[in-house]
Amino acid sequence: MTKILESLNISSSAYVNAAVIILAFIIVARIADFLVDKVIRRFAQFTKPEVGGSLIDIVHRPVFFTIILFGISLAFTYLRLSDKIVFYIDGSLYTVISVIWMVAAVKIGNIIIENAFFKVSDVTGLGKDVIPLVENVSRLVVVLAGFMVILSLWKVNIAPILASAGIAGIAVALAAKDTIANFLGGISLFVDKPFKIGDFIVLDRGERGEVVAIGIRSTKVRTLEDIMITIPNAVIINTKIVNESVRTHYLRICLPAAVAYGSDIDLVEKTMVDLAMQNENVVSDPAPRALFTTFGDASLHFELLFWIKEPYLRGRVIDEMNRAIYKKFKEYGIELKSTIPAAGCAALQR
């Protein structure tokens, strides 16, 4: 700093030297503004033009005024003013600089939030109405941080303020612990991604349906009965979830059947597989298959395994297959018996 002052000390008049410093920093500010607005903007085109361009539009003016205000602060050192006056002048100038960058930080935060939102909205279904909430939270954080910086510039002891804020924060956290738990649960869902929009899930209480929205506070699931279930995120992250759409959107179905002793077991298996292949909602790969599982007390137990195109078709396909099997067995003279489903099917049919 001393070398800079000596190099700009071109006159015996302190006022002339101060004016020269201000003029020099205005020139530097113009050069920096040109570099940011023209040169760096070209490099930004190689990343994401609309985002990079918006960030440069926000930043280049604060850079320009910061350099000029810093030069004004430096110029006052030539005037040999009292320490008290210098303190107030520097405090005022650096306060203005802090406010300028505070406003810029808020705008930058809004752009980053909106850009990040569009990246996750397709996966999470997060509504646009959440953006103002997140922007307001980020704006509050920036303003509080800027306020603390300004207080430190004026040599205000911020320790009591931080202590009071800590106590107030604890009180708010206790009063809104459920809301905070749901918010943190939503973050966990976004990070872990146990399911996404469109997945069919089964909760440990038996609810089964399609995930239609994953919000900051709750997750919404539409059941096959077209009932919308809203589950707080704090609850769903601690719930056992079966995701039926993992790896493939095909859903496996297991149908049990019991026939009388003496039935043609080859005909039973062939009939069940053929009926599955004839159903338009059953996929051919993986192919349906029938298994002769156990000898019952009064019946032979079979399981028909097949996969359907979409999970929401489960109820319809089961109805169609049960009807078809009953009619075809009756036509072939195969006697059906009442039975408890085999263990494998029981696990899938919950």
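Backbone amide hydrogens, once placed in the peptide plane, bring Gly209 within less than 5 Å of Ile201, excluding anything fewer than 5 places away on its chain. In terms of overall dimensions, the C-alpha atoms belonging to the stretch 274-332 reach 36, 23, 19 Å along their principal axes, ordered largest to smallest. Using 0.36 nm per residue and subtracting the Cα-Cα separation, the extra length available between Ala213 and Ile40 on full extension is 58.3 nm.
Computed over the Cα atoms of the stretch 191-243, pair by distinct pair, the Kirkwood hydrodynamic radius stands at 10.9 angstrom. Rounded to the nearest whole Hz, the Karplus-based 3J(HN,Hα) values (6.51 cos²θ - 1.76 cosθ + 1.60, θ = phi - 60°) of the stretch 21-32 follow the sequence 4, 4, 5, 5, 6, 5, 5, 4, 4, 5, 5, 4, with x at glycine and proline.
Here the simple spin-label model places points 7 Å from the Cα toward Cβ, and for Lys270 and Arg205 these points are separated by 4.9 nm. The distance between label points at Asn157 and Ala116 comes to 3.7 nm (points 7 Å beyond Cα on the Cα→Cβ vector). Under 15 Å from a label point set 7 Å out along the Cα-to-Cβ vector of Asp57, the amide N atoms of the stretch 83-115 belong to 104, 107-112, 114-115.
When a/c is below 1.5 the answer is rounded, else prolate if a/b is larger than b/c, else oblate, so apply that to the stretch 182-321 with a ≥ b ≥ c taken from the square roots of the Cα gyration tensor eigenvalues. Cα axes put the stretch 182-321 in the prolate bin.
Any chance you could run the full-extension gain for Ser188 through Arg252? It's 0.36 nm times the residue separation minus the Cα-Cα distance, nm to one decimal. The partial results should precede the final answer.
Details: separation 64, 0.36 × 64 = 23.04 nm, distance 2.86 nm.
Full extension from Ser188 to Arg252 adds 20.2 nm.
Scalar couplings 3J(HN,Hα) for the stretch 292-306, obtained by applying the Karplus form with A = 6.51, B = -1.76, C = 1.60 to θ = phi - 60°, are 8, 8, 8, 9, x, 5, 9, 7, 9, 9, 10, 10, 9, 10, 7 Hz; x denotes Gly and Pro.
Cβ-Cβ distance of Ile197 and Asn136, R₀ of 30 Å, FRET efficiency by 1/(1 + (r/R0)^6): the value works out to about 0.75. Taking amide hydrogens as placed 1.01 Å from N in the peptide plane, the amide H of Thr293 sits under 5 Å from those of His301, Phe302, Glu303, each at least 5 positions away in sequence or on another chain.
Need the C-alpha centroid separation for the stretch 135-154 versus the stretch 237-305, integer Å. The two parts, judged by their Cα centres, are 63 Å apart. Pairs Lys220/Lys270; Lys196/Lys328; Lys240/Lys327; Lys196/Lys327; Lys193/Lys309: which exceed 32 Å Cα-Cα? In this structure, Lys220/Lys270; Lys196/Lys328; Lys240/Lys327; Lys196/Lys327 exceed 32 Å between Cα atoms.
Read the figures in this text as sums done on the coordinates, not as results from a lab. Since this is a predicted model, take the numbers as computed values, not measurements. Every residue, glycine as well, gets a Cβ built from its backbone with ideal geometry; the counts of neighbours run over all protein chains shown.
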